[in-house]
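Student: The structure is given below, and queries will be raised subsequently.
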Amino acid sequence: YPQSDFAAISGSPWVYWITPGIRRLFVALPSLDSVAKPKHGLSTCHNFRYLRQWWEVGRSEVTQGCSTPEAALASAGTWFPYMKGGSFQRWFGNQTHVVKWPMDGAEIKADIVERFPYLNGNWGMVVTNPNFYFRRGVTWTDLTAGKFSARLSPGGFVFDVSGSSVFPEDVELVLAVMNSTWAQYALKLINPTLHVQVGDLARLPIPKQASGLLRDLVNRAVALARVDSEEDETTYDYVEPPDWHHGIERVTARHRDLAALEKEIDEEVYGLYEISPDDRRAIEEELTTAPETTDEVEEGEIEGGEDAAETEETASLTQEGLAQRWVSYAVGIALGRFTRPDLDSFVDTDGLMVLQRDHPDDLAARLIAILAAIHGDTASGVIVRTVIGGNGDLRDTLASYLLGPFFKAHVKRYRKRPIYWLLQSAKQNFSVYLFHERATDQTLAMLQGTKYVGGRVFQLKQQLQEANRRETAAEGREKAKWRKQAQDLAEELADLEAFDQAITATNNEPIVGAEGKATTSRWTPEFDDGVLLNAAPLYRLTLAWRKADAKLDLSKVWKALKDGEYPWAKTAMRYWPRETLKACKDNKSYRIAHGLE
């Protein structure tokens, strides 16, 4: 084999088996680098501080639609959409992160200068390619255990190192090539490792022009992928779940149509490269014999540290999965997250709903009513039965589902950053859901009031008094029955009174003010801090979180806050102002975070 032939591919990878026709493509065609240079994006160097899932801060706090850094600066916004790689996803999607980028990233830049003095103030070594932020382009995930996938970056996004991007004039051509079978093969020639880096994409041969048909096919593929996004409640684009009666068939048909479009796109790409039938067979045979997986790897994070890499798989929609989506949608309606004009009467304005039979704010009963209003009584019953199974009382079995499987699934779906917060007494005799965006500094006091905890305590005391009276008057088995009921009521009352005391303790946390005077602080939501730090003061009330996921132990987060690990957080300033101000004295980025600079 002539060793000079290895030079056909930049970097001279040891790919002695490729055919002359394939090797010719790397010589005759321009590289992507010559059309549009792939770009590394922002490395925050502290994702826990600067990145959030968008639902943590709330959609209203995310500034969308900026097309240039200048427009973002002029918007005076704090949180902006952020492209950060993600799981296997072609054409459109993986748009869940936001980045803290007020004042053109002043806080991040100051933090970089502070943390890396050897950069001599040159934050541009880390905040790379800022002139390309917010542009329309193509993005991909750099770490993949299977097929490479690229997506449209529709504009308005800062982009990450793990979600590197390219900004060609012909976005549709580059997107088509990146998602083609040819690109899967070519990238494995260029770099057979798990990391598809900017330099690898730069060496990819690119056709000199696309056909009108190819652009049309790509735009249709993007549109179909966008519909998936509109049916996923974790996305910006969410509308509602797929239709209950025909949703599975429509989703299946849509995915079938997308697969057919991808085959047509493959055909067009093969034609643009003028790849011969023999070379095509060689490409497809090699990809067929390689280990096949559609999983992609994304680094996760929790409590400031990095988890082991996790994989995500997209499963086919089932009837049970569809029913679960509708129940979750109904929860969002009830708690005020989702809006539908015809369902306004079902919305709880304070974002608090209990799981207590016959209570006016009983979440289980409200969900049944919402689903009946949308689908009718019969279909509503079928949806709930599909989720909970069994033949027990509809309301009671749904309540059990909401206290267990639903919350666990919610924590997983929202990546350990739940937005419906399940608060419970120690023995789970009292449970309440809070939609965190509706939380205020009055929420805990409201929870203790007569509508919720206070009212239930009063009710239990009356019932206990009546049970004791009846026990005294009764004899034999009747007396034993009332004694047992009185014991049960006394245990429930003790559990609820302990819960009330835990709320009081949470809302009267002792602190030392900036002037050194002892005082107390009530819990006030700080959405910028993210779900974990925002909810950390509620650690006494969130045992259900740890049961749903062992890593969601908020007492550990609270301790980390107390130990001064997050001096940039508003929660830290609220509870430990003296120590936090001391940390700010010598750190410009902390001063910016607290509005002191």
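The values are calculated or read from the model by the stated rules, or taken from the named source; none is laboratory data. Just so you know, these numbers come straight off a predicted model, no measurement behind them. Virtual Cβ from ideal backbone geometry, glycine too; neighbours counted across all protein chains shown. Just so you know, the surface numbers come from the protein's heavy atoms only, side chains and all, with ligands and any DNA or RNA stripped out. Shrake-Rupley method; radii C 1.70, N 1.55, O 1.52, S 1.80 Å.
Student: Treating the stretch 140-222 as a set of equal point scatterers at the Cα positions, no solvent, please give the Debye-formula log₁₀ I(q)/I(0) at q = 0.12, 0.14 Å⁻¹.
Tutor: So the normalised log intensities work out to -0.34, -0.47.
Student: So what is the relative contact order for the chain, in percent, with contacts set as C-alpha pairs under 8 Å and at least six apart?
Tutor: Across the chain, relative contact order equals 12 percent.
Student: Accessible area per residue for the stretch 336-488 in Å², computed with a 1.4 Å probe and the full protein assembly in place, what is it?
Tutor: Per residue, the stretch 336-488 has an accessible area of 48 Å².
Student: Further question: Working out 0.36 nm times the residue gap between T288 and N468, then minus their Cα-Cα distance, what length gain in nm do you get to one decimal?
Tutor: Computed gain between T288 and N468 is 57.3 nm.
Student: Then there is this: Estimate the FRET efficiency between Q209 and S276 by the formula 1/(1 + (r/R0)^6), using the beta-carbon distance for r and 35 Å for R0, to the nearest 0.05.
Tutor: After rounding to 0.05, the efficiency reads 0.95.
Student: A further question follows. Rolling a 1.4 angstrom probe over the protein heavy atoms, how many square angstrom per residue are accessible across the stretch 541-584?
Tutor: 47 Å²
Student: For N191 paired with S345, estimate the spin-label separation in nm (one decimal), with each label point 7 Å from Cα along the Cα-to-Cβ line.
Tutor: The modelled label-to-label distance comes out at 5.9 nm.
Student: Please list, by residue number, every one of the GluC sites (Glu not before Pro) in the stretch 202-279 that is coil in DSSP and has at most 16 other beta-carbon atoms within 10 Å.
Tutor: Answer by residue number: E274.
Student: Hey, any idea what % of the chain's accessible area is carbon plus sulfur with a 1.4 Å probe?
Tutor: C and S atoms contribute 50 percent here.
Student: What percent antiparallel are the DSSP beta bridges of the chain, to the nearest 5?
Tutor: Given both bridge residues lie in the chain, the antiparallel proportion sits at roughly 85 percent.
Student: Students often get this wrong: which residues of the stretch 528-543 have the backbone nitrogen under 18 Å from the point 7 angstrom along Cα-to-C-beta of T519?
Tutor: Counting backbone N atoms under 18 Å from the label point, the list is empty.
Student: Rounded if a/c is under 1.5, else prolate if a/b beats b/c, else oblate: with a ≥ b ≥ c from the C-alpha gyration tensor eigenvalues square-rooted, which is the stretch 115-158?
Tutor: It comes out oblate by the Cα gyration axes.
Student: Mind grabbing the accessible area of M103 for me, 1.4 Å probe, Å², rounded to tens?
Tutor: Result for M103: roughly 110 Å² accessible.
Student: If I model a spin label as a point 7 Å beyond the Cα along the Cα-Cβ vector, how far apart are those points for M103 and A379 in nm?
Tutor: Distance between label points: 5.3 nm.
Student: Right, here's the next one. What is the gain in length, in nm to one decimal, between T450 and M125 on full extension, counting 0.36 nm per residue of separation less the C-alpha to C-alpha distance?
Tutor: Length difference between fully extended and current span is 111.3 nm.
Student: Pop the C-beta distance of R357 and K484 into the FRET formula with R0 = 30 Å and round what comes out to the nearest 0.05.
Tutor: 0.90
Student: For the stretch 95-172, take N as its residue count and report Rg(C-alpha) divided by 2.2 N^0.38 Å.
Tutor: Relative to the 2.2 N^0.38 Å estimate, the stretch 95-172 comes out at 1.25.
Student: Can you give the Kirkwood hydrodynamic radius for the stretch 436-493, in Å, rounded to one decimal and based on Cα pairs?
Tutor: 13.0 Å
Student: Now a separate question. Of the listed values (i) 49, 27, 21; (ii) 51, 32, 19; (iii) 38, 28, 26, grab the one calculated as semi-axes √(5λ) of the Cα gyration tensor in Å from the structure here.
Tutor: It is the one labelled (ii).
Student: Please identify the helices of the chain, taking whole runs of DSSP H, that span at least 20 Å along their own axis as judged from the Cα atoms and have a mean Kyte-Doolittle score of 0.0 or higher.
Tutor: Taking the DSSP H segments of the chain (at least 20 Å long, mean hydropathy at least 0.0), we get 212-230, 319-335.
Student: Pop a pseudo-label 7 angstrom from the Cα along the beta-carbon direction at both A494 and K461 and give the gap in nm to one decimal.
Tutor: For the pair A494/K461, the computed spacing is 1.8 nm.
Student: Okay, moving on. Taking 30 Å as R0, compute the FRET efficiency from the Cβ-Cβ separation of D553 and V512 and round it to 0.05.
Tutor: 0.70
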